[in-house]
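No value in this document is a laboratory result; all are computed from the given coordinates. Just so you know, these numbers come straight off a predicted model, no measurement behind them. For neighbour counting, all protein chains shown are included, and Cβ atoms are generated from backbone atoms with ideal geometry for every residue, glycine included.
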Amino acid sequence: MTPLHGNETSPTTRMKIAFIEPHLKVFGGIRRIIEMANRLSDRGHAVTIYHSDGTPCTWLECRAAIAPGRAVLDSTHDVVVYNDPEPEDMYLARHARSRVTFYYVLHLYRLELMAGFHPTIYLGRNKRTRRLRACLRSRHVKLANSSWIQRWLREHMGIDSLLMLGGVNFDLFHPVQLERAPGAPFQLLPGSDKLRRRKPRTHHAPGQTAATQWPDPDWLKGPAWPQSQARIRRSIPRLRPRACGSAGQVGCRLTRSPSHDSTMHRRRQNR
């Protein structure tokens, strides 16, 4: 199978496209879908995002139509795309009338449980992995979010998929120039629930003893935060954070935590 490219669809061929989502809250996967829907809408397609109660998106511009999730069953579409292995989304994707239905694989959970038979996949804590595997085994066409996902599906599960890479929206993410005193402290915001559960760490700027603590934990509730509040996005969690800015953001330069190298060294010694 060959990758999908943005210029393969003629703007004169108008299609009716449906995206099925669990919600439109602040998540990276939701951002990806909204940006895809916006681009397809700009090319003249009739795009609708169906989700839960059909409330509008409040944190990112959405130029596609928005409707309640169950409304997808009331009409016929050329294309249906879903990406979340939740029972409601799986049900809607299975019963929606369309010429083709795609399952967009944004991420793979617990790889050791995905291929073959593993009784532990039926434990409660692995229910999302179990649902993901059910989506992968469905008759729907698979879209892979990255080349490693595409390779893993083919090598370990014998599943062919179309490669549909995401990109960077430079209207949101771009370098910014800030006036900052040499050695000034910086704030490092956690990017996952696992990081938030840790004790706050003190991060020193090079050559300075003063430090900035983590922000108020109440400010960080939930899996993500609005674009106007987010200051830092870490390119690789816990290893090499990279500063990036966006419209309305406050950016800064990041360095690795001083304790990171010593922690990794101890882990290597204990292996």
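Using label points projected 7 Å from each Cα along Cα→Cβ, tell me how many nm separate T120 and R137, to one decimal.
With each label placed 7 Å out from Cα toward Cβ, I get 1.9 nm.
Would you list H140, H156 from fewest to most Cβ contacts within 10 Å?
Result, fewest neighbours first: H156, H140.
Which of E61, E88, E35 comes first, and how do the rest follow, when ranked by fewest Cβ neighbours within 10 Å?
Neighbour counts put them in this order, fewest first: E61, E88, E35.
Exposure proxy check: Y91, Y50, Y122 ranked by fewest other beta carbons within 10 Å?
Fewest-to-most Cβ neighbours within 10 Å comes out as Y122, Y91, Y50.
Give the shape of the range 6-163 as rounded, prolate or oblate, defined through the alpha-carbon gyration tensor: a ≥ b ≥ c are the square roots of its eigenvalues, a/c under 1.5 means rounded, and otherwise the shape is prolate if a/b is larger than b/c and oblate if not.
Prolate, because a/c is 1.5 or more and a/b exceeds b/c.
Counting only other residues whose beta carbon sits under 15 Å from that of A64, what net charge do I get with K and R as +1, D and E as -1?
Its environment carries a net charge of +2.
Using +1 at the Cβ of each Lys and Arg and -1 at the Cβ of each Asp and Glu in the range 33-170, identify which of P56, V141, M36 lies farthest towards the dipole's positive end.
The Cα lying farthest towards the positive end belongs to V141.
Just subtract the alpha-carbon distance of T13 and F173 from 0.36 nm times their residue separation and send over the number in nm, one decimal.
Gain in length upon complete extension: 54.5 nm.
Treating only the Cβ atoms of Lys and Arg (+1) and Asp and Glu (-1) as charged, compute the dipole magnitude of the range 6-163 about its Cα centre; round to the nearest 20 debye.
380 debye
With a sphere of radius 11 Å drawn around the Cβ of L24, what net charge do the other residues whose Cβ falls strictly inside it have (Lys, Arg +1; Asp, Glu -1)?
0
Please give the Cα centre distance for the range 94-128 versus the range 44-75, rounded to the nearest Å.
24 Å
Suppose R0 equals 25 Å; then what is the FRET efficiency for E88 and R110 from their Cβ-Cβ distance, rounded to the nearest 0.05?
So, using R0 = 25 Å, E works out to roughly 0.70.
Could you check the simple spin-label distance between R99 and I159, using points 7 Å along Cα→Cβ, in nm with one decimal?
Label-label distance for R99 and I159, simple model: 2.5 nm.
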